[in-house]
Amino acid sequence: MRIADWYFDFISPFAYLQSEQLDRLRPHVQLRYRPVLFAGLLKHWGGKGPAEIVPKRQFTYEHVLWQAQKLGIPFKMPPAHPFNPLALLRLATACDATPDVVHRIFRFVWQDGRLPDTPLEWFELTSLLGMPNADAQISASRVKDVLRSETDAAAARGVFGVPTLIVDDRLFWGADATDMAIDYLEGAPVFRSDAYARMRELPTSATRSE
C-alpha cells in the first residue's frame, strides 16, 4: 500500500476538520501522522498565519464553523485563538503521534472547545491519554529534537501550511483538498494531463516589491 504523510498542528481548526475525514483515505494509503510547528513553517517561508491578519482572522473562524456544519463534524471554538500549541505537539510527539492520541488531543481542543492551560485541564488531558508523567516526557530533549526536525523536514519538502498531505511527493494543502487527494489516489485523469503538468512550470511575470 502507498504511504502518505499527514502534517498537522493542533492550532489549526482546519487540521481538526481534516483529521475527522482521514478515514476516507485509508482504503488508498497508509497514513503517517507528522506533528509540526506551524509557526516554524511560517518563519521558514516568511509568511503570516490567518489569525495575524485581522479581517482574515474573522473570516477564518466563520469559514471553519460553516465547513464543520456542512460536513457534520462536531465543532466548538476553544476559549482563545491563536494559542500556544507547543505542549500539545510535544505531547503527541512523546506518544509517537499515534492516531488515537492525535485524535483525542484534536477533539479535546476543537470538539470540546477546551485548552489545557490550567493544571486541572492539563491533568484531565494527560490522564485521558494515559500519560501520568507527561511533564517529564514532553520536556525530554529527544521529544523537542524530533518535533524540531519534523518541522524542518516538512519545510524542506515544501510544506508551507497545515494540514498538508503528501502522496508521491505531491502536496495537498488544506482540509478542502481532501477530495483532491482522493481523486489523485483514485487515478483521476486531470493529474496526468498536460494542463496539470504546466502548473509546475508556469513562469512569473511580476513580483511584489518590499
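Brief remarks follow.
- Among the residues listed as ASP112, ASP117, the single one being modelled with pLDDT of 95 or more and among the acidic types (Asp, Glu): ASP112
- Looking across the stretch 10-51, the residues that are in contact with a strand residue (DSSP E or B) (Cβ under 9 Å, 6 or more places away or on another chain) and of a type in the set (S, T, N, Q) come down to GLN18, SER19, GLN30.
- Among the residues of the stretch 83-101, those identified as farther than 16 Å from GLN137 by Cβ and assigned to a helix (DSSP H, G or I) are PRO99, ASP100.
- Given (1) closer than 22 Å to PRO50 by Cα; (2) without any contact (Cβ under 8 Å) to a residue 40 or more places away in the chain; (3) among the hydroxyl-bearing types (Ser, Thr, Tyr), number of the condition TYR184 does not satisfy: (1)
- Members of the stretch 57-70 found to be surrounded by 14 or more Cβ atoms within 10 Å (Cβ to Cβ) and either touching a helix residue (DSSP H, G or I) at 6+ places or on another chain (Cβ under 7 Å) or among the basic types (Lys, Arg) (or both), listed by number: ARG57, THR60, VAL64, GLN67, ALA68
- Among the residues examined, TRP173 does not qualify as out of contact with any strand residue (DSSP E or B) (no Cβ under 9 Å at 6 or more places or on another chain), of a type in the set (Phe, Trp, Tyr) and surrounded by 14 or more Cβ atoms within 10 Å (Cβ to Cβ).
- Here the helices (runs of 4 or more DSSP H) wholly within the stretch 129-210 that include at least 1 residues being among the aromatic types (Phe, Trp, Tyr) and farther than 17 Å from ASP96 by Cα are 178-185, 194-198.
The values are calculated or read from the model by the stated rules, or taken from the named source; none is laboratory data. What you see is a predicted model, and the numbers here were worked out from it, not measured in a lab. Virtual Cβ from ideal backbone geometry, glycine too; neighbours counted across all protein chains shown.
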